[in-house]
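The values are calculated or read from the model by the stated rules, or taken from the named source; none is laboratory data. In this text, all values refer to a predicted model and were calculated from it rather than measured experimentally. Because the Cβ atoms are built from the backbone with ideal geometry, glycine has one as well, and the counts that use them run over all protein chains shown. Side chains included, ligands, DNA and RNA excluded: accessible areas come from the protein's heavy atoms. Shrake-Rupley method; radii C 1.70, N 1.55, O 1.52, S 1.80 Å.
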Amino acid sequence: MKLLFDIGHPAHVHLFRLFATEMKEEGHEILFTARDKDLTILLLMAYNLPYISLGKTKKGLLSKILGLFYFEWKLLKVARKFKPDYLLSHGSIYAAHISFMIGRPHISFEDTGNMEQITWYKAFTDVILISDSFTKDLGRKAITYPGYHELAYLHPNRFIPNLTVLDKYRLDPNQNIILLRFVSWNATHDINHQGISPSLKIEAATTFSQYGHVLISSESELADELKPYEININPTDIFDLMAHCKLVFGESGTMSSEAAVLGVPAIFIDSTSREYTQEQEKKYGLVYNFSESPADIRRAIHKGVQILSEPKSSNKYKQRQEKLLEDKIDVTGFLKEFVLNFEKYRH
């Protein structure tokens, strides 16, 4: 079997990497294509995954529209040469269109619910795999599974935190570690979002520093006042570090969900939120969702202080994690069984 994975974001590498590696070890052929965005290429190299870079991502709405034709042309050339049996992606418009052109099935994951993106790929996609936390009706092509994308690589079957990572970065295991994550807001679904203002980023960092060691991971340039908190971390170490955190705070829905499945409380700032982080708040109490309004961000900072001030709160969140893991599945195991038995599931 030949599998072609089209990657549009670093998180998508994690979503597919363990499944792809297992299939490769069992004799199947795999190939990743990717736009060069943030850490995507670095991750593909770090995990020894065969890939072809399709070039740098485009910025701005007009450039993104023109880039659609450019990247599809490049992906089509790769697909015709590789001749995959299946194309897999996380909502890739490019993979959907190319799968239709070459007459091969496209299997897509979806969890964000960006309808402007779904509209472009749904008609050309055979199956859309969605979490049971997803409430939008995607019709007969949707197949629901009980899990989150992050459980493809952070389920206990797949991941055990490395206890030595704190030594590697000279962090004190007896001190609270607070990870702040700021994003660039360059995706198509980020239009009209402003995120956390520079002054409120500073307020969050200085406030939380009273309760532990603050570390900042940021896609965009930080203000001078925040530079001392910035951490230069190997991206393959981030989950080991996160597993040892007392709190994860910021603008990344993916990282908030990663924290939740690791049993670490997360505060997620985004006015549109995500259905999976909403479930992780309402059902499991592991994520706290706030809007981007200054007043709400200050409430989010206050909530972070409450979490950091609570003695032995880690035990409470680990118990909540256990409940989550009782309800959800090993997503990599599910994907492998699904692909190997694709015709049984196909509508």
message: Return the residues of the stretch 92-129 that are modelled with pLDDT under 90, closer than 18 Å to residue 70 by Cβ and in contact with a helix residue (DSSP H, G or I) (Cβ under 6 Å, 6 or more places away or on another chain); say none if nothing qualifies.
response: 120
- request: Scan the stretch 193-217 residue by residue and report those that are touching a helix residue (DSSP H, G or I) at 6+ places or on another chain (Cβ under 8 Å) and closer than 18 Å to residue 256 by Cβ.
  value: 196, 200, 201, 204, 205, 208, 214, 215, 216, 217
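So in the stretch 93-117, with the set limited to residues that are of a type in the set (S, T, N, Q) and in contact with a Phe, Trp or Tyr (Cβ under 7 Å, 6 or more places away or on another chain), which one is nearest to residue 340 (Cα to Cα)?
Residues of the stretch 93-117 that are of a type in the set (S, T, N, Q), as a first pass: 99, 108, 112, 114, 117.
Subsequent filtering for residues that are in contact with a Phe, Trp or Tyr (Cβ under 7 Å, 6 or more places away or on another chain) retains 99, 108.
Details: 99: 18, 108: 15 Å.
Result: 108.
Let's see how each residue does on (1) over 21 Å from the mean Cα position of the chain (by Cα); (2) in a helix (DSSP H, G or I):
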{"residue": "248", "(1), (2)": "no, no"}
{"residue": "254", "(1), (2)": "no, yes"}
{"residue": "258", "(1), (2)": "no, yes"}
{"residue": "267", "(1), (2)": "no, no"}
{"residue": "276", "(1), (2)": "no, yes"}
{"residue": "280", "(1), (2)": "no, yes"}
{"residue": "307", "(1), (2)": "yes, yes"}
{"residue": "314", "(1), (2)": "yes, yes"}
{"residue": "323", "(1), (2)": "yes, yes"}
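Return the only residue of 221, 225 being open to solvent by 10 Å² or more (accessible area, probe 1.4 Å), assigned to a helix (DSSP H, G or I) and either farther than 30 Å from residue 135 by Cα or out of contact with any strand residue (DSSP E or B) (no Cβ under 8 Å at 6 or more places or on another chain) (or both). Full working, then the answer.
Details: 221 fails: assigned to a helix (DSSP H, G or I).
Of 221, 225, the one residue that is open to solvent by 10 Å² or more (accessible area, probe 1.4 Å), assigned to a helix (DSSP H, G or I) and either farther than 30 Å from residue 135 by Cα or out of contact with any strand residue (DSSP E or B) (no Cβ under 8 Å at 6 or more places or on another chain) (or both) is 225.
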task: Identify the single condition in (1) touching a residue at least 24 places away in the same chain (Cβ under 8 Å); (2) crowded, with 20+ Cβ neighbours inside 10 Å; (3) hydrophobic (A, V, I, L, M, F, W, C) that residue 202 does not satisfy, given that it satisfies every other one.
output: (2)
query: Looking only at the stretch 119-135, which residues are free of Cβ contacts under 8 Å to residues at least 40 places away in the same chain and either outside any helix (DSSP H, G or I) or open to solvent by less than 10 Å² (accessible area, probe 1.4 Å) (or both)?
result: 121, 125, 128, 130, 132
Near pairs, Cβ below 6 angstrom, 6+ apart or cross-chain, from the stretch 1-26 (closer than 13 Å to residue 331 by Cβ) to any residue that is polar (S, T, N, Q) and open to solvent by less than 10 Å² (accessible area, probe 1.4 Å): 18/332; 19/332
task: Scan the stretch 150-173 residue by residue and report those that are loosely packed, with under 14 Cβ neighbours inside 10 Å and either among the acidic types (Asp, Glu) or in a helix (DSSP H, G or I) (or both).
output: 167, 168, 172
task: Determine whether the stretch 245-258 contains at least one residue that is touching a Lys or Arg at 6+ places or on another chain (Cβ under 9 Å), closer than 29 Å to residue 86 by Cα and either among the hydrophobic types (A, V, I, L, M, F, W, C) or surrounded by fewer than 16 Cβ atoms within 10 Å (Cβ to Cβ) (or both).
output: yes
